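What follows is one structure encoded as structure tokens, with my remarks underneath.
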Amino acid sequence: MKRKVDFLVIGSGLAGMMFALKVAKKGKVLLVTKADLEESSTRYAQGGIAAVLSDRDSFEKHIEDTLISGDGLCNREVVEMVVREAPEKVKELVDLGVEFDKNASGEPDLSKEGGHSESRILHYKDITGKNIEETLAGRVRENRNIEVWEQAFAIDLMTQHHLGRLVKRWHKDIACYGAYILDLKTRDVITVLAKVTVVATGGVGNLYQTTTNPPVATGDGIAMVYRAKGIIENMEFVQFHPTSLYHPGERPSFLITEALRGFGAVLRTLDGEKFMHKYDPRGCLAPRDIVARTIDTEMKVRGDDYVWLDCTHLDPEELVSRFPNIHRKCLSIGIDMRKNPIPVVPAAHYLCGGVKVDTRARTSISRLYAVGEVSSTGMHGANRLASNSLLEAVVFADHAAEDALAHLDEYSWEEKIPEWDYEGTSHPEEMVLVTQDYKEMQMVMSNYVGIVRSNLRLQRALTRLEIIYNETEELYKKSVLSRKLCELRNLINVGYLVIKMAQARHESRGLHYNIDYPGKNDQT
Ligand code: FAD
Ligand code: SIN
């Protein structure tokens with residue numbers, strides 16, 4: 001079956017929904033999402049969204065903090081653009097109904113996180129993302145120009161390749177005509193022809209055994225764009241959040257927001273010693289790459305499974321009122337954070353690289369935009385500054401929408417695109433083949449391509465991944481498609497890109513640390 005829409009939006013986090021709401025004033029939008037509408041990383045954001053809103057603060061300080069955190073690889077022009085637009089974009093969110101906490105004088109209650117020289121994080125208690133996601137989902141559902149299709153999995157983007165032409169990555173005229181969408185309820189694949197397509201599929205946390213990301217974060221957008229011969233960059237910069245709750249067996253790992261350290265919580269080894277100042281003068285509020293690597297080192301040296309995050313010296317009432325969600329979660333596993341330290345470990349959290357885009361969120365493929373965590377805009381460089389991700393998503397969704405609206409009338413549907421070819425597919429093989437390969441892939445990535453890397457580990461990872469890749473491609477060709485199989489295939493594609501780009505970087509910078517190249521190479 002074929003469908004035709006003006007705008008096809010893949011993904012229903014902050015990036016996808018903001019884009020949809022903006023373009024719906026001019027055309028029909030189909031918003032597809034592989035789980036329920038509200039399921040996304042956006043939903044779990046705790047800390048908040050960074051913006052310069054106090055007199056003490058300045059754009060220059062926010063720009064400088066972002067550049068320092070990015071460790072020499074941010075695009076200054078992009079950073080300046082995003083930081084300067086932040087207050088206006090926050091106002092747009094508020095106009096849509098998103099709430100942020102205020103202090104006693106009615107001003108925004110701004111918190112502080114690692115790498116920020118000032119308090120500038122707007123938040124709604126410690127459930128900022130839930131508030132954003134649910135508010136935008138409400139606006140989307142009531143918009144008559146937006147059709148929401150849940151349990152709909154985007155498999156592949158359509159380009160000239162589907163018209164029988166050989167498409168190479170360096171070709172300048174690749175165009176996107178929409179995507180093949182698997183209806184997870186009926187198992188039918190629908191050919192959705194679109195004038196404009198937007199990939200807003202989020203991150204890749206499920207590459208790793210321990211992650212703060214929900215199960216939907218499987219790098220689908222990056223894999224799809226890569227297969228469509230688009231340009232991908234900076235994949236070696238996978239961000240590990242320093243403090244996820246140590247609670248073995250729980251997946252995803254529950255995040256303990258950096259704002260808690262901004263509020264005064266301190267990291268200690270299991271014998272009670274503070275250790276961060278030995279490594280960085282900024283202590284517990286050093287940028288995220290440094291804190292995560294330091295915790296990893298301390299755990300390895302001491303043979304401990306976790307470190308403590310200690311809030312017991314903080315005002316108990318204020319603590320619970322500011323972080324009710326974390327308090328509830330800790331109590332549910334027998335930890336009262338007013339009296340006991342919280343056991344924490346680093347967990348895969350965010351991908352700084354992804355689909356390369358320009359300042360209007362245009363990819364290297366025409367008629368195709370990438371917005372949010374799936375994209376690589378130049379904002380984060382080698383290490384994202386806390387709470388700059390929601391900000392980047394909202395700014396680039398706006399730029400993409402403006403550009404798409406300006407060009408919509410130039411495009412028409414490519415009617416010659418064929419329907420999905422089901423030929424050669426039989427009933428799925430035993431699910432155990434998929435789940436076993438999934439586990440192996442996560443183990444390889446966690447053990448060899450984690451916080452600390454080496455040439456030998458990266459090479460081993462590549463060799464192991466190639467075996468899993470061949471097995472999975474074989475299975476993919478002969479099986480009826482399932483979400484799990486498609487996700488595994490995508491994660492393997494993405495893992496390959498992380499390893500290859502890590503191997504190509506002969507230095508340690510930001511989130512990429514290779515013991516064979518411990519220093520920075522400023523010639524690269
Ligand atoms: P997402 O919100 O992840 O949405 C992606 C969407 O795409 C989902 O709806 C998913 O189902 C859908 N999708 C994926 N693949 C497919 C497919 N093949 N077909 C159809 N649909 C698909 N950042 C901050 O700035 N501040 C914070 O405080 C903060 N806290 C965080 C806390 C946690 C626990 C996590 C995990 C992240 C946090 N981040 C934070 C990062 C930030 O939340 C994300 O980077 C951001 O929300 C990404 O938004 P997005 O719209 O790009 O993607
Ligand atoms: C956090 O609340 O610590 C996460 C913030 C972020 O990822 O930007």
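No value in this document is a laboratory result; all are computed from the given coordinates. Just so you know, these numbers come straight off a predicted model, no measurement behind them. Cβ sites come from the backbone with ideal geometry, for glycine too, and all protein chains shown count toward neighbours.
Listed highest first by mean packing, meaning other Cβ atoms within 10 Å per residue, what order do 207-219, 298-310 come in? Present the calculation step by step, with values, prior to reporting the outcome.
Numbers: 207-219: 24.1, 298-310: 16.7.
Listed from highest to lowest mean packing, they are 207-219, 298-310.
Across the range 163-171, rounded Karplus estimates of 3J(HN,Hα) from the backbone phi angles (6.51 cos²θ - 1.76 cosθ + 1.60, θ = phi - 60°) give 9, x, 9, 6, 10, 10, 4, 8, 5 Hz, Gly and Pro being marked x.
Put a dot 7 Å past the Cα of E64, heading toward its Cβ, do the same for S482, and the two dots end up 5.5 nm apart. Rounded to the nearest whole Hz, the Karplus-based 3J(HN,Hα) values (6.51 cos²θ - 1.76 cosθ + 1.60, θ = phi - 60°) of the range 22-30 follow the sequence 6, 7, 5, 6, 10, x, 7, 10, 10, with x at glycine and proline. Using a simple spin-label model with pseudo-atoms 7 Å out from Cα toward Cβ, E317 and V94 lie 2.8 nm apart.
For the range 322-396 versus the range 249-301, the inter-centroid distance based on Cα atoms is 17 Å. Counting only alpha carbon atoms, the long axis of helix 128-141 and the longest principal axis of the chain meet at about 30°. Applying 1/(1 + (r/R0)^6) with R0 = 25 Å to the Cβ-Cβ distance of W413 and I231 gives a FRET efficiency near 0.50.
Structure note, pairs K102/K130; K300/K329; K329/K484; K274/K300; K89/K229; K34/K416: Cα-Cα distances above 22 angstrom occur for K300/K329; K329/K484; K89/K229; K34/K416.
A dipole drawn for the chain from +1 and -1 charges on Cβ atoms has a positive end, and of P214, V301, I468 the residue lying farthest that way is I468. Each of H313, A504, C352 was scored by the projection of its Cα onto the charge dipole of the chain, and the greatest displacement toward the positive side belongs to A504; charges sit on the C-beta of Lys, Arg, Asp and Glu. In plain terms, the residue of D173, D296 with the fewest other Cβ atoms within 10 Å comes first and the most crowded comes last, giving D173, D296.
How much length would be gained if the chain were fully extended between K25 and N447, taking 0.36 nm per residue of separation minus their Cα-Cα distance, in nm to one decimal?
147.1 nm
One decimal place: the segment S454-N340 gains 37.3 nm when fully extended, by the rule 0.36 nm per residue minus the C-alpha distance. Net charge dipole, the chain: roughly 760 debye, given to the nearest 20, about the Cα centre with Cβ charges of +1 for Lys and Arg and -1 for Asp and Glu. When both the range 17-58 and the range 132-206 are represented by their alpha-carbon centers, they are found 17 Å apart.
The residue among N103, A397, C284 whose Cα reaches farthest toward the positive pole of the charge dipole of the chain, with charges on the beta-carbon of Lys, Arg, Asp and Glu, is A397. The stretch between H161 and E77 holds 26.8 nm of extra length on full extension. This uses 0.36 nm per residue minus the Cα-Cα distance.
In terms of other Cβ atoms within 10 Å, K520, K168, K34 run from fewest to most in the order K168, K520, K34. Shown is the FRET efficiency for R302 and M431, computed with R0 = 41 Å from the Cβ-Cβ distance and rounded to the nearest 0.05: 0.55. Expressed to the nearest 5 percent, the antiparallel share of DSSP beta bridges inside the range 224-370 is 100 percent. Across the range 379-401, the residues whose backbone nitrogen lies under 13 Å from the label position 7 Å along the beta-carbon direction of D358 are 400. Shown in residue order for the range 445-450 are the 3J(HN,Hα) couplings computed by the Karplus curve 6.51 cos²θ - 1.76 cosθ + 1.60 at θ = phi - 60°: 5, 5, 7, 10, 10, x Hz (x for Gly and Pro).
Working from label points 7 Å from Cα in the Cα-to-Cβ sense, the R251 to R144 distance is 4.5 nm. Each of the peptides 472-484, 347-359 was scored by the mean count of other Cβ atoms within 10 Å over its residues; in descending order, highest first, they stand as 347-359, 472-484.
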